[in-house]
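Here, each number is a calculation from the coordinates, and none is a lab measurement. Treat the numbers as computed from the prediction; the structure is a model and nothing was measured. We place every Cβ from the backbone using ideal geometry, glycine too, and count neighbours over all the protein chains shown.
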Ligand code: DOR
């Protein structure tokens, strides 16, 4: 089977390639990238005026399987990924039960391979049941397909345990992903602590809670010479702590979410629970620092932290609502609209942060276009205007802080292993 993507602007950050070119795919593999490729018997996709990029990679999603299927499952989650232009997602282990052993990793991997329509990577838990008391079967999980280890959703309070986890994962050359939050400081906080929380009368979660936790984890990674990834960085001091650590040669990477890069705590005015997330949306000075971190390379990846919840769980008073909302289907449009079309960051750099950058963080064989490599490709119409309407989402999570927002730019086709899994917004199961 041959597929020819004709005349698109091919952007491949791994090789700094940005040219109008054709891409020939044969039996799921990229055969050739070049101008005016002539071939017989190929399906032709006219990509003129469109951007052809490596398939987008999101290393921070919650697919909620096993056990929380009312929120999401592998099918709905990977359909949402395909709709948003993502060809690879890495899912977090805070499910029921927690993914803390190799049987669950292998079982989920198998299910993802048979039921999922994009590539799914599994992140195993760091502590048993994510209780922060005893290490989970880290080695066993890493030997059986887990790509990283994390107690995401919870901070590992016990520094001794965290140190042991870092040292253990390091033996396998894999990263511990830290959910950095001093929970004594963040306590009952439901939004960023600042002028807006005072005005709204909501309990604040101070940014220093993140700074202290990031400092500790960076110091432990430095001391043990191991591999650390800081999840969803959202505070300006935390960005700087990571920047300075990188300068000292600490092997630390980090990510920023789409929402922390594009929204402030002003979004909480109105008490819409679709704005409740952890870490919380912060003030403009923090948002500016994240953008600076993205531009200077401190931040390696843009992620969604796609965290769907059932409608009724979020349909309560602000302080009772669970944290998290969906992101896979809005991420690219929001980033193009808010950061690229406004000139804040270049297209090549943004695509790097959504493909090659995150793939490198977890050592995934993804995020770049190469002849002989798997044809995971996203086709983007940068000028397409559309309005966010959660009723059209494939994800079960219908809460998004971008509801009703007009966006410019979206994925118009998603190709996994040479096959279209999405065309013009329609997902093929
Ligand atoms: O807002 C969040 N939701 N932050 C997290 O760290 C966990 C996530 C979830 O699982 O719902």
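Of note:
- Mean Cα-pair separation over length for the chain, i.e. relative contact order, pairs under 8 Å, 6 or more apart, %: 20
- FRET efficiency for residue 296 and residue 403, using Cβ-Cβ distance with R0 set to 25 Å, rounded to 0.05: 0.15
- Length-normalised contact order for region 137-203 - Cα pairs under 8 Å, 6+ apart - percent: 32
- Helix-only mean residue ellipticity at 222 nm for the chain, each DSSP H run of n ≥ 4 adding -39500 (n - 2.57), per residue, nearest 500: -8000 deg cm²/dmol
- Taking label points 7 Å from Cα along the Cα-to-Cβ direction, residue 27 and residue 48 give a separation of 3.3 nm.
- Evaluated at q = 0.21 Å⁻¹, the base-10 log of the normalised Debye intensity for region 11-90, with identical point scatterers placed on the Cα atoms, takes the values -1.02.
- Global size of region 64-110 as Cα Rg and Dmax, reported in angstrom: 10.9, 31
- For the chain, the antiparallel share of DSSP beta bridges with both residues in that region comes to about 50%.
- Cα-derived Rg to Rh of region 314-394, Kirkwood definition: 1.05
- For region 191-293, the alpha-carbon radius of gyration amounts to 1.12 times the rule-of-thumb value 2.2 N^0.38 Å expected for a compact globular protein.
- Taken over the Cα atoms of region 53-136, the convex hull encloses 82 Å³ per residue.
- Based on the convex hull around the alpha carbon atoms, region 136-244 presents an average projected area of 7.1 nm².
- Two-site FRET efficiency, residue 17 against residue 316, from Cβ-Cβ distance with R₀ of 35 Å, rounded to 0.05: 0.10
- Translational diffusion coefficient (Stokes-Einstein; Kirkwood radius from C-alpha pairs) of region 93-163 at 10 °C, 1.306 mPa s, in µm²/s: 130
- Between 0 and 90 degrees, the angle of helix 102-115 with respect to the longest Cα principal axis of the chain falls at about 30 degrees.
- Degrees separating the helix 284-295 axis from the principal Cα axis of the chain, which is the longest one: 50
- Highest GNM mean-square fluctuation among 200, 161, 364, for the chain modelled with Cα contacts below 10 Å: 200.
- Within region 212-269, the proportion of C-alpha pairs whose separation exceeds 20 Å stands at 28%.
- Relative contact order of region 34-158: 22 percent, from C-alpha pairs under 8 Å at least 6 residues apart in sequence.
- Over the chain: Kirkwood hydrodynamic radius from C-alpha pairwise inverse distances, Å: 21.5
- Among 391, 199, 319: highest mean-square fluctuation, GNM of the chain, C-alpha pairs under 10 Å: 199
- Reduced Cα scattering model of region 1-145, Debye log10 I(q)/I(0), q = 0.20 Å⁻¹: -1.09
- Rg over Rh [alpha-carbon atoms, Kirkwood Rh] for region 272-426: 0.97
- Fully extending the segment from residue 272 to residue 370, taken as 0.36 nm per residue of separation minus the present Cα-Cα distance, adds 30.9 nm.
- Length released on extending from residue 40 to residue 111, taking residue separation times 0.36 nm less the Cα-Cα span: 21.9 nm
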